[in-house]
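> Handing you a structure now.
Read-outs: derived from the displayed coordinates by stated rules, not from any lab. Note that the structure is predicted; figures quoted are calculated from it, not measured. In this analysis, Cβ positions are derived from the backbone assuming ideal geometry, glycine residues included, and neighbour counts consider all displayed protein chains.
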Amino acid sequence: MSIFNSFLSLVEYIYIFYLYVFHYSTIKFANEEIHPHPPPVFVLGHPRTGTTLLHSLLALDTERFAICDTFMVGFPHCFLWFEFIGKFLFKGILSKHRPMDNMKLHFDLPQEDELGTNLLSGLRVSPYCSLVFMKDEMEYRKYQCLKEGEVSDKELGTWVQSFQKLIWKIKVRDTLKQKDRKMPRQLVLKSPCHTGRVRLLLKLYPGAKFVFVHRNPYEVFLSGAHMASTTYGWMFLQSPSDEDLQEYIFKQGEILHDEYFECRNNPKLLNDKNSAEVSFEELTKDPVKSMQEIYKKLGFDSFDPQLQSSYPMNLSRECEELKGYQRNKFNYVILDEDLKATIKNRWKKQFSVLGYSDVYPSDQLQ
């Protein structure tokens, strides 16, 4: 696959040269320096808190948002020219649903941009490398937040260059698909590791907006453990112990939330004008109301009936489909007292700051 991708990337360079020569208007429209784009919207949250659901609901607003989809992150070196061919060749390669939660999966669905950035950087500066080399997981922790002083200038430059290359290609692709648009669409991006990168993302994109989704920490841990047992194994080139996986889940939660909470307490970084928060419980109970509140907070007008946006109708239709979806439930999973105490202690800041009871759900029934 690596050799195959290398060949495809060479063809991509030729295709980009072709665009510069014969379709420079497309390149001009996609270039930030020539034609300013609206700053992106970033979906934040620890893995298994509902970031995929929130990202998918935002992506339904096709008049406002452009996305990074599953095919792009699988083939970030060549999707500009290879997309049509690749989707035909590999149409049967994906399962119809994700193994960890049974949500829909296909090439056109919005996907985590960090997956594509990781490939473009040569698997050098992403925390997702730890899912391949789990026994060396500690070496990749510094890439969760990419904070100055914790990573070298070279490492930071490699990630930024790879990330912005992916973003530029997404904009070019969107311009090719939407040739009749007079204004570029805003990107809506999601990767849980962005939760710890608010400072960096605001430096790269001043004016960016953020939506943070959170969930009961007990459920987050149990869902993370479920994903580790159903999904992570497909990526391992090293065999971790159960203790390794447990520590990975705990430490990731601490790193991401500690940094997010610091930014949350600094109005120069996150404030009422550029950020919104929603709980997983609210989002699943009443998705339409939750999205209306998020849009109002961020200053988006897609719910204004005078604009006749298609988003409210798309959202309502999707919510009807979601009514039949059965999400994983962990309320009555029996955990031993030591593990409950560890979750309560390691993630105590999440319980207190986000307003969750540290009493385990099944204990409330006793």
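> Going by C-beta contacts inside 10 Å, put R64, R317, R215 in order with the fewest on the left.
Ascending Cβ contact count within 10 Å gives the list R317, R64, R215.
> Which residue, S352, S126, S229, has the most motion in a Gaussian network model of the chain that connects Cα atoms within less than 10 Å?
Most flexible of the set in this elastic network: S352.
> Another question about this same structure. Using Cα-Cα distances under 8 Å and only pairs 6 or more residues apart, what relative contact order does segment 73-156 have, in percent?
Computed over segment 73-156, the figure is 22 percent.
> So what is the 222 nm mean residue ellipticity for the chain from helices alone, if each DSSP H run of at least 4 adds -39500 (n - 2.57) and you divide by all residues, rounding to the nearest 500 deg cm²/dmol?
The helix contribution divided over the chain gives -15000 deg cm²/dmol.
> Let me ask another. Test of understanding: ordering H194, H257, H106 by Cβ neighbours within 10 Å, fewest first, what list do you get?
H106, H257, H194
> Any idea how far apart E148 and E281 come out in nm if each label point goes 7 Å out from Cα toward Cβ?
Result: 4.0 nm between the two label points.
> Quick one: net charge of Q238's neighbours, Cβ under 13 Å, K/R +1, D/E -1?
Value of the local net charge: -3.
> For a footprinting-style exposure proxy, rank T26, T117 by other Cβ within 10 Å, fewest first.
Taking fewest neighbouring Cβ atoms as first place, the list is T26, T117.
> Right, next: Considering only DSSP beta bridges where both residues belong to the chain, give the percentage that are antiparallel (nearest 5).
DSSP beta bridges in the chain are roughly 10 percent antiparallel.
> Could you please state, rounded to a whole Å, how far the C-alpha centre of segment 1-76 is from the C-alpha centre of segment 294-314?
The two parts, judged by their Cα centres, are 24 Å apart.
> Using only the alpha carbon atoms of the chain, find the Kirkwood hydrodynamic radius as the inverse mean reciprocal pair distance, in angstroms to one decimal.
21.7
> Can I ask one more? Name the most mobile residue of G207, G45, G92, meaning the one with the largest mean-square fluctuation, in a Gaussian network model of the chain with Cα contacts below 10 Å.
Looking only at G207, G45, G92, the largest GNM fluctuation is found for G92.
> Mean Kyte-Doolittle hydropathy of 0.0 or higher plus an axial Cα length of 18 Å or more: which whole DSSP H helices in the chain meet both?
Those that clear 18 Å and a mean of 0.0 are 2-22, 217-230.
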